[in-house]
Amino acid sequence: MVSDEFFGLVRSWLTIHLPRSRQLSPHTIRSYKTALNALLDYLRQSQHLALAEVSFEVINRSTITAFLTWLLDSQHLGASSANQRLAAIKSFLSYCAGEDPALVSIWLEVTQIKPARTPTRAPDGLSMPAVDALIRAPGQDTSRGRRDTTLILLTFDAAARIQEILDLTPADIDTTTGAARVTLTGKGRKSRTVPLMDKTARHLDQYLSEFHPSTTDTAGKLFFTVRAGRRHQMSQDNISYLLNKHATAARQQCSELPEKIHAHQLRHARAMQMLRAGVPLPHIKEFLGHANIATTSVYASADNRMVREAIQKAGSATPDLARLWTGGDDLMLQLAGLK
């Protein structure tokens, strides 16, 4: 029999608690929904449970631990993505415990599960020659080329997350010369305003006059696609497609572009550029909208690693030092103080 309590709490969590009480963005709510659907898929595939058999009786520490392992081993998710699913399940069970005290024990059990270990990786930012080639690739001869140039340039200049770009409206843009800026709405609906280069502002002015000619058109999405004569918000897949299409062309001019790119690499590239220009980490943290400076510190570690690699590479052409420890075994032992 279907557990009315389980699915009833799922519905109230997704449709009332998250959007109204916590005021989370639709994007964040979709990620929580994805986590719950993944759990249901696991219960169907590995536990052979029909939806009608899913209830809180099958949710425990053992089940969720196995679910995390399934995400990593069978679904081939990275540790970070699997941990996001785990965090969403814990958040759901925390809500359930608040609604029904009888579920507190389940929630406390699951909170003891440790996230999967995530390897520390350097951000895979594009080099500046690669960024420049990518920005130039769409060209200025067509309206779509001008749109794509503006989108890529703005994503880089503002170091924006892709969803932050997709959610922009013309009202979020100020192209005043010498004081251009964009207001981004990031995770947790937190807004931040970041400055823009005058070059970016000029491209935005041109884009707005062409794609948003009406001065009253300030509420619609800044970037959009047109289907059946109607405007639709761009999707992340749209952005991924156009970036890789232009990267293919740009690769003819710059071999530093990887075979496959994603929008976050532009954000990483901007952060690394700022770091090398001497911008303090706390300022970069605010620019990127990070909640914790430890997240921003990854760029400093990456920069140090790149410097070391460059030094090693430069040193590869340096002649080897003359060997000190030469001669017969007896002599070497004597020199080492072993005889």
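The values are calculated or read from the model by the stated rules, or taken from the named source; none is laboratory data. The model shown is predicted, which means the values in this text are computed figures rather than measured ones. Positions of Cβ are backbone-derived with ideal geometry, glycine not excepted, and every protein chain shown enters the neighbour counts. Surface accessibility is based on the protein's heavy atoms, side chains included, excluding ligands, DNA and RNA. Shrake-Rupley method; radii C 1.70, N 1.55, O 1.52, S 1.80 Å.
When the surface is traced with a 1.4 Å probe over the full set of protein chains, residue 183 keeps roughly 50 Å² accessible.
Relative contact order (percent) for region 1-151, with alpha-carbon contacts under 8 angstrom and 6 or more residues of separation? So the answer I get is 21 percent.
Three principal axis extents of region 57-212 based on alpha-carbon atoms, in descending order, are 61, 33, 25 Å.
Protein-only accessible surface at a 1.4 angstrom probe places the residues 187, 221 in the order 187, 221, largest first.
Quick check: from the Cα gyration tensor, does region 193-249 come out rounded (a/c under 1.5), prolate or oblate? Cα axes put region 193-249 in the oblate bin. Model label points for residue 58 and residue 118, set 7 angstrom from Cα along the Cα-to-Cβ axis, are 3.0 nm apart.
Mean separation of Cα pairs under 8 Å and 6 or more residues apart, divided by the residue count, gives region 1-67 a relative contact order of 47 percent. Take the Cα of residue 37, step 7 Å toward its Cβ, do the same at residue 171, and the gap between the two points is 3.0 nm. Here the chain is scanned for GluC sites (Glu not before Pro) in DSSP loops (not H, G, I, E, B) that have at most 16 other Cβ atoms within 10 Å, and the longest stretch holding none of them is 1-255.
Can you pull the accessible area of residue 90 for me, 1.4 Å probe, Å² to the nearest 10? Per-residue accessible area (residue 90): approximately 40 Å². The residues neighbouring residue 182, those whose beta-carbon lies less than 10 Å from its own, together hold a net charge of -2 under the Lys/Arg +1, Asp/Glu -1 convention. Among the protein heavy atoms of region 1-118, carbon and sulfur supply 51% of the accessible surface, probe 1.4 Å, non-protein parts ignored. In this simple spin-label approximation, residue 248 and residue 105 carry label points 7 Å from Cα along the Cα→Cβ vector, and these lie 5.9 nm apart.
With the convex hull of its Cα atoms as the shape, the chain has an orientation-averaged projected area of 28.0 nm².
In what order, largest first, do 95, 241 sit by accessible area if the probe radius is 1.4 Å?
241, 95
Centre-to-centre separation between the Cα atoms of region 136-155 and those of region 231-251: 11 Å. Across region 168-181, computed HN-Hα scalar couplings (Karplus, 6.51 cos²θ - 1.76 cosθ + 1.60, θ = phi - 60°) run 5, 10, x, 5, 7, 10, 10, 9, 4, 4, x, 9, 5, 7 Hz from first to last residue, x flagging Gly and Pro. Taking every protein chain into account, the accessible area of region 210-303 amounts to 56 square angstrom per residue (probe 1.4 Å). Relative to the Cα centre, the charge distribution of the chain, modelled as +1 at Lys and Arg Cβ and -1 at Asp and Glu Cβ, gives a dipole magnitude of about 440 debye.
With the contact rule set at Cα under 8 Å and sequence spacing of 6 or more, what percent relative contact order holds for the chain? Let's see the in-between values first.
Numbers: 356 pairs, mean separation 53.1, N = 339.
Averaging sequence separation for qualifying contacts and normalising by length gives 16 percent for the chain.
Where a ≥ b ≥ c are the square roots of the eigenvalues of the C-alpha gyration tensor, would you call region 1-73 rounded, which needs a/c under 1.5, or, failing that, prolate if a/b is larger than b/c, or oblate? Cα axes put region 1-73 in the oblate bin.
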